[in-house]
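Below is one structure, written out as structure tokens; the observations come after it.
The values are calculated or read from the model by the stated rules, or taken from the named source; none is laboratory data. All of these numbers come straight from a predicted model, not from anything done at the bench. Using ideal geometry, Cβ is built from the backbone for each residue, glycine included, and neighbour counts are taken over all protein chains shown. All accessible areas refer to the heavy atoms of the entire protein, side chains included, with ligands and DNA or RNA removed. Shrake-Rupley method; radii C 1.70, N 1.55, O 1.52, S 1.80 Å.
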Amino acid sequence: MPEVKLLSDGIFEVTKDKKQLATMNLDPGKVVYGEKLIQVEGVEYRTWDPRRSKLGAMVLKKFNISLKENSKVLYLGAASGTTVSHVSDIVPEGAVYAVEFAPRSMRGLIGLASRRKNVHPILIDAGKPESYAHIVEPVDLIFQDVAQPNQAEIAARNASRYLKRDGYLLLSIKARSIDTVANPKEVYKGEIKKLEQAFEPKFEVLNAKDLMPYHEDHLGILAKIR
Amino acid sequence: MKINTWFGVLGIGRTGEVLEFELFSKDIRELVRCSIALQENRQLLRQHLPPAGFDLKTAALECGFVESSAEYYSLLHEVMVEAAKLQVSEAFTADQRIIQAVEALDDINETTNLLSERLFEWYGNYFPESGLSGEALALFIAKYGSRENIGSEDPLYPRARNSMGAKLEAADEVLLKGFAESVCSLYERKRQTEAYIQDSMESIAPNLSLAAGPMLGARLISVAGSLEKLAAFPSSTVQVIGASKALFKHLRARAPSPKHGIIYSHPLINTAPWWIRGKIARALAAKLSLAARIDFYSGEKDASLVEKLEVKVEQIKTSNPKPPQKKQDSGVKPKKRRGRK
Ligand SMILES: C[S@@+](CC[C@H](N)C(=O)[O-])C[C@H]1O[C@@H](n2cnc3c(N)ncnc32)[C@H](O)[C@@H]1O
């Protein structure tokens, strides 16, 4: 019998042969990206591959993502929904506003969203937060993984409009998308500084760690509005 | 103040309380249409933008658009999924179709070359003296099969009579003929795809098509990702489009910036003497970039664009009649490229 340990609300460590990160499947029987389904006492868990998901890597790196079952999440850079699917599992009574601007990725995301009632897909540029102001409500968490040169600014502009005062910003920074040549460490410092000072709102960075060995040249950041 | 939301237009007070409202009907198609219009029309949106932190769901409950939070999310969900579907289907625009055709053409060319070579080698065992290759060979095999079937009126008849090639057995003949027919139809597909690209370019990007030629124009759109992106690029980028490997090296290692994008296949450049190619490339890139902008924003055909370009190229030619004496700037002499058109 596989062993299940609760790591934080909605996030589990399931041990079957080896320890694996997992969430409770909101769409039983259905696999999203080749992950495994594990049944334990009538509950179906989906393994969460940290190499395929920056958020997954952040969880293993002990970022406190503090989601509850009814949390509202604004997810920027949803791609075809690999990670969105796990967020959807974690907030079964909540809502995930999944923003993605590439029609091609959106096709996959729509397939996912049509099976998961808490995922609301939006085909739009996350760099223009006003353009979805008629749709998105204030949220408890903004997760952003857009791999864009101006990602700190995108995060700040979205936070200023949509993040609740006591909400959190989780960010994956890809060094190469900001500067292809510079040393990643320098890039990270620069991005943290931008979050702390450059825009409105200004953030307090609570945690910042690189995502090795799961993702090379990526930094995870947890921040809140100062 | 008045604000737009996905479910209606609200008048709200200073603390966000709803004072008046005009709700949309709960018809999904109607809601989808309104939501997309708000997303895409910046003016509409800016005029009545909800304030930061505005709680849409509470407002929707307050004004009675929905009875419960569950109803709010289920309706929102349906609208968002349908809106995204519609937008995705509309995103496959004419320039995206051209990009698919350009990529298909590359695949066809690669496959055709590969299969033609195979046919050449294979059939060479049966009729090495044919002197045919490519489409001509494929047509020949599809028509005759064995060289023994050539009629005496065919100019290849004498060579076929005296060939040292092996005898083609019936089973092999069926196989080779079928294979040759496939190759012939690939050549046909290639012409069809090229014609499609030419026609489409003429209709969606007439200026780019005129200045670059339809194929080069289509390739530029393909590498850029869309006509819109191409129109947004500075001309210095247009000049190096397609030189991505060299460009990457330039960025990583700070090597000299590449000069040879795909625009170097343009006749104005590839027929010019080497020492003015860089200059012509710059002038051409500027005009192509302008052409893409006109095509994207207005679509009117403007023949003067090409005339101006030709004048400019003449100027460059007359003011640089001879190769530079010393190797100045970093202008490394481009190596002669052989066997490539
Ligand atoms: C690294 S992928 C995200 C992967 C995803 N978070 C996951 O783990 O499943 C980045 C995505 O962000 C999207 N993206 C980049 N810039 C964007 C923008 N300005 N607005 C919306 N989406 C954007 C890209 O199209 C791409 O799909």
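Data table
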quantity	calculated
Rough spin-label spacing in nm, given labels placed 7 Å along Cα→Cβ, for B:E202 and B:S298	2.3
Protection proxy ranking of B:152-162, A:150-160, B:71-81 - average other beta-carbon atoms within 10 Å, highest first	A:150-160, B:71-81, B:152-162
Expected 222 nm ellipticity per residue - DSSP helices of 4 or more, -39500 (n - 2.57), all of the protein assembly as shown, to 500	-14500 deg cm²/dmol
Test item: Cα-centred dipole of chain B, Lys/Arg +1 and Asp/Glu -1 on Cβ, debye	2900
For the protein assembly as shown: Kirkwood Rh in Å [reciprocal of mean 1/r, alpha carbons]	28.4
Karplus-derived 3J(HN,Hα), 6.51/-1.76/1.60, for each residue of region B:230-237, Hz, glycine and proline x	4, 5, 7, 5, x, 5, 5, 6
Theoretical FRET efficiency, 1/(1+(r/R0)^6), r = Cβ-Cβ of B:A91 and A:E216, R0 22 Å, to 0.05	0.10
Total charge dipole magnitude, the protein assembly as shown, about the Cα centre, Cβ charges on Lys, Arg, Asp, Glu only, Debye to nearest 20	3040
Rounded, prolate or oblate (a/c below 1.5 giving rounded, otherwise prolate when a/b exceeds b/c) for region B:205-319 by Cα gyration tensor	oblate
Size of the A/B contact, given as accessible area buried on both chains, probe 1.4 Å, in Å²	2700
3J(HN,Hα) from dihedral phi, region B:130-141, Karplus parametrisation 6.51/-1.76/1.60, rounded to Hz, x for glycine, proline	4, x, 9, 8, x, 5, 4, 5, 4, 5, 4, 5
Under 17 Å from B:K177, Cα to Cα: lysines that are on another chain or at least 8 residues apart	B:K143, B:K167
Electrostatic dipole magnitude of region A:80-226 [Cβ: Lys, Arg +1; Asp, Glu -1; Cα centre; debye, to 20]	140
Whole-number D in µm² s⁻¹ for region A:1-90, Kirkwood Cα-pair radius fed into Stokes-Einstein, 10 °C, 1.306 mPa s	120
Protection proxy ranking, peptides A:104-113, B:108-117, average beta carbon neighbours within 10 Å, highest first	A:104-113, B:108-117
Cα gyration tensor, region B:95-199 - rounded (a/c under 1.5), prolate or oblate	prolate
20 Å Cα-Cα threshold exceeded, pairs from A:K16/A:K54; A:K5/A:K61; A:K30/B:K26; A:K54/A:K164; A:K54/A:K209; A:K30/A:K68	A:K16/A:K54; A:K30/B:K26; A:K54/A:K164; A:K30/A:K68
A:N207 long-range amide H proximity, modeled H, under 5 Å	A:L222
Accessible area of B:D55 in the full protein assembly, 1.4 Å probe (Å², nearest 10)	60
A:R165 versus B:M215: modelled label distance in nm, points set 7 Å from Cα along the beta carbon direction	6.6
Cα centroid separation - region B:1-63 against region A:172-208, whole Å	35
HN-Hα J in Hz across region B:303-315 - Karplus 6.51, -1.76, 1.60, θ = phi - 60°, x for Gly and Pro	5, 5, 4, 6, 4, 4, 5, 5, 4, 4, 5, 4, 4
FRET efficiency estimate (nearest 0.05) - Cβ-Cβ, A:E93 to B:L44, R0 45 angstrom	0.85
Candidates B:A180, B:A52, B:A291: whichever shows maximal mean-square fluctuation once chain B is modelled as a Gaussian network with Cα springs under 10 Å	B:A52
Near-label residues of region B:150-178 by backbone N, under 16 Å of a point 7 Å along Cα→Cβ of B:E129	B:150-168
Solvent-free Debye scattering, log10 I(q)/I(0), computed from the Cα coordinates of chain B at q = 0.13 Å⁻¹	-1.04
Extension gain, B:I28 back to B:V311 (0.36 nm per residue minus Cα-Cα distance, nm)	96.1 nm
Residue among B:A224, B:A60, B:A303 with the largest mean-square fluctuation in a Gaussian network model of chain B, springs linking Cα atoms under 10 Å	B:A60
Fraction of accessible area attributable to carbon and sulfur, chain B (%, probe 1.4 Å)	53
Surface share of carbon and sulfur [accessible, 1.4 angstrom probe, percent] for region A:93-170	45
Descending semi-axes in Å of region A:107-148, equivalent ellipsoid built from Cα gyration tensor	18, 14, 11
Per-selection Rg to Rh, region A:54-225 - Cα, Kirkwood hydrodynamic radius	0.94
Centre separation in Å (Cα based) which lies between region B:264-310 and region B:77-93	37
